[in-house]
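Below is one structure, written out as structure tokens, with a few remarks after it.
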Amino acid sequence: MQKDIRVERQSVESAGKPLVTSVVHVFNGLFPSGMERMLMSGASHSFISLDSVYLVGQGSHNPYADELRRAGYNVRIIPRITTISGIISYVRILKSVRPSVVHIHSESTYAQAVILTKMMSRSISVLRTFHNVFHKSGLRLAYRRMVSLFVDKFVDQFVSCSPEVSDNERKLGRESKLVWNWVDDRFFEARLEMQDESDLTVPNHEKFIMVGNCSQIKNHRLALSALKEYASLTKSRTELAHFGREDNADSIESELLDWFESKDLLLNREASDPLEFMKSFKPVYLMPSLHEGMSVALAEAVVLGLPAIVSNSPGQGWAGEFENVILLDLRRDSWIEALQSAPKWNPSSLEQNVDRFKASVGMNNYMKIYESAAERRRILRSRRALG
């Protein structure tokens with residue numbers, strides 16, 4: 001299918017210049033999460049030469065910048081575009097690149113990016129992707145409404161990463177196309193290997209996994225506390241692996257992880273690659289987040305058919321359609337009870353359709369949106385030229 005799409009585009013482009021020759025992505029900072037990770041995993045599926053894909057990171061903290069450069073992307077680090085120096089730097093990028101599309105990922109500098117882009121050139125297509133469920137109230141909600149009222153009319157297309165994100169933006173009158181977050185091809189390769197295994201016996205499900213950096217939003221404290229209580233109730237070993245950083249862990253989360261480590265029950269405690277552990281042990285995946293946009297880490301677990309216990313929080317409801325995923329409220333007692341009857345991995349979980357999470361699908365969907373927006377801009381230019 002991917003080959004057919006490329007052939008079709010080549011035949012269309014042979015008649016003239018491609019509609020989309022360069023794209024500028026605007027981020028806050030460049031971090032190893034979300035869209036930045038997806039651009040890494042989608043690099044081999046790009047229809048545009050990576051040196052014509054510009055990733056603009058704002059501010060002094062861009063820890064993923066070098067990784068993205070090594071992948072082949074054209075990375076530019078500038079001051080925040082809320083500052084004079086940032087505005088000058090951003091305008092210089094637009095002047096030198098003359099992009100077909102500017103793709104905005106930043107919530108906090110969305111308005112500035114749109115206005116500066118349109119001041120520079122009305123012919124540039126502007127996209128905005130919403131990566132989270134933004135539940136704002138008070139002055140923050142009033143600000144979002146004001147921005148929507150005055151800025152949205154300059155945007156060619158809105159995109160959401162999950163149905164819940166789309167529903168939330170619809171409250172502001174924003175209709176968006178759905179492009180699911182995607183996972184690295186390695187997870188689909190591992191899925192095929194798991195399907196081909198001759199011995200598909202159900203593993204011992206006293207192994208659990210949490211993926212992601214500790215933070216207030218990730219709410220790891222809930223799962224850790226419930227799992228400790230469960231470990232005290234059961235007679236078998238309850239082993240946990242945490243793949244993520246603890247820089248922003250609160251004191252209780254750190255103490256709970258220390259407890260598992262002191263009991264020799266903590267199998268991993270660093271921000272390393274979880275794939276081999278997930279594939280080998282098929283652990284129960286725990287995700288008690290307060291809210292998400294559409295978690296790539298959870299999608300990775302779903303692709304591998306892992307059983308999962310997930311909070312029924314904004315941005316997580318999509319996972320409920322998969323048979324081995326339990327959606328829970330945020331009460332500790334509910335989590336303790338669910339752990340006692342956690343779903344088990346079985347081969348049938350690999351039969352569910354997860355193609356929407358392929359990088360090739362996501363990159364192709366974005367390219368179609370870019371081309372559609374660029375075509376609309378081309379038609380508008382033609383009409384203006386005709387008077």
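Per-structure values
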| item | result |
| --- | --- |
| Computed magnitude of the charge dipole of the chain (debye, nearest 20; Cβ of K, R +1, Cβ of D, E -1) | 2600 debye |
| Taking N as its residue count, the alpha carbon Rg of the chain over 2.2 N^0.38 Å | 1.06 |
| Least to most buried among Trp182, Trp259, Trp345 (fewest other Cβ within 10 Å first) | Trp259, Trp345, Trp182 |
| Dipole magnitude (debye, nearest 20) for the stretch 185-356, charges at Cβ of Lys, Arg, Asp, Glu | 400 debye |
| Mean projected area in nm² (Cα convex hull; one quarter of hull surface) for the stretch 185-356 | 9.3 nm² |
| FRET efficiency, Ser280 to Arg383 (Cβ-Cβ, R0 45 Å, nearest 0.05) | 0.15 |
| Loop-located GluC sites (Glu not before Pro) in the stretch 97-189 whose Cβ has at most 10 other Cβ within 10 Å (DSSP) | Glu175 |
| Ranked by how many other beta carbons lie within 10 Å on average, peptides 49-60, 277-288 from highest | 277-288, 49-60 |
| All lysines inside 24 Å of Lys282 as judged from Cα atoms, apart from same-chain residues fewer than 8 positions distant | Lys207, Lys218, Lys228, Lys235, Lys263, Lys344, Lys358 |
| Value of [θ]222 nm, deg cm²/dmol, for the chain, DSSP H segments ≥ 4, -39500 (n - 2.57) each, nearest 500 | -13000 deg cm²/dmol |
| Separation of alpha-carbon centers, the stretch 38-74 and the stretch 135-183, rounded to whole Å | 24 Å |
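Rule-based calculations on the coordinates, nothing more; no lab input. If you're wondering where the values come from, they're calculated on a predicted model, not measured in any experiment. So basically every Cβ, Gly included, is an ideal-geometry build from the backbone, and we count neighbours across all protein chains shown.
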